[in-house]
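A short worksheet on the structure shown next.
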Amino acid sequence: MGFWDDLKLQYKMGGFEQKLIYWNVAVFVLSIVFFYGFRTQRFEYPDWLYLSSDVHVLSYRPWTLLTYSFFHSGFFHLLFNMIMLNFSGRIFLTFFNQKQFLGLYLLAGLFAGMAFVAGFYVLSIAAPIVGASGAVMAVLVATATYSPMMNLRLLLIGNVKLWQLTAVLVAIDLLFIFAENTGGHIAHLAGAFFGFLYIKLLQSGTDLSKGVTFVLDGLANIGGSKKSTPFKKVHRNYEHKSPKTTSKIVTKDKTQQQIDDILDKISKSGYDSLTAAEKEFLFKAGK
């Protein structure tokens, strides 16, 4: 299996935490091609992509509340966010489903963006912002809120609780909010608050992600839903059972069982734990 086939299989078999990483990396690569100023050594995003703290600008470019979170100011900005997204997303998905993860991520990005605009409006500062940090922080805090005592083993640090790691990151944002990158810290803290709020509402019976997934499902069906297959009456001969039919059923069951075993292995140990033969089998089965 080639490199690109391997990537496509990982994308297809992975959850939204992996797909979001792919999307963010793809957007970053395109940003280098179209928006990176090699003379100034920085990204020069157009105002219809980044989020402006100017309320007037936002009023006629509301989509920037979503687009800003898929762009980044530099390689290390992207790298840190994607590492944290992969880390917190995998833990979150041990407790909740894929739709809840995507709903939380998108809603937190919107909330963090609005908090940034509101904060800079109060401070009378006009500035742009890009980055997925607010949404990523929401996923981390949501997971820590739900399972604060989860044990983590960190390189060079050792064993810590999930709430301790989360508390340190939140404390850093609080300490440096007026020192540098004020807009970024406001977005981080807003995302953290939204992650906490999301879990508390979920525990009381209100799932905020349902609204997002409902809208996404509706958009996916634009253009007409699939035509329902008309019922076909099938006449079965119960006196003469075909050996071939039995053989096909058994083969299908064995194949599905092998797929289920491999997917279970991925959920427990990750995609990289698969052997080359298992990856090849999944790729062929996906076709």
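No lab work stands behind these numbers, since they all come straight from the coordinates. As the structure is a prediction and not an experimental result, all values here were calculated from the model. Note: ideal-geometry Cβ built from the backbone for every residue, glycine included; neighbour counts use all protein chains shown.
Were the residues from residue 114 through residue 163 laid out at 0.36 nm apart, the gain over their Cα-Cα distance would be 15.0 nm. Each of 185, 56, 77, 72 has some number of other Cβ atoms within 10 Å of its Cβ, and from fewest to most they run 56, 77, 185, 72.
Mind giving me the FRET efficiency for residue 40 and residue 261? R0 is 51 Å, r the Cβ-Cβ distance, nearest 0.05 is fine. According to the calculation, E is roughly 0.45. You can think of it this way: the chain between residue 201 and residue 75 has 41.8 nm of extra reach, that is 0.36 nm per residue less the Cα-Cα gap. Given their separation in residues at 0.36 nm each and the Cα-Cα distance between them, residue 156 and residue 127 gain 6.7 nm when the chain is fully extended. Here residue 63 and residue 94 are evaluated by their C-beta separation; at R0 = 30 Å the FRET efficiency comes out at 0.35. Averaging 1/r across all pairs of distinct Cα atoms in region 3-216 and inverting the result yields a Kirkwood radius of 17.9 Å. With both labels modelled 7 Å from their Cα along Cα-to-Cβ, the residue 275 to residue 147 distance reads 3.0 nm. Going by neighbour counts of Cβ atoms within 10 Å, the residues 146, 60 line up, fewest first, as 60, 146. Amide hydrogen proximity for residue 43: with H placed 1.01 Å from N in the peptide plane, the residues at 5 or more positions away or on another chain lying under 5 Å are 37. Look at where the Cα atoms of region 23-67 and of region 99-160 average out, and the two centres are 20 Å apart.
With a simple spin-label model that places each label point 7 Å from the Cα along the Cα-to-Cβ direction, the separation between residue 174 and residue 6 comes to 4.4 nm.
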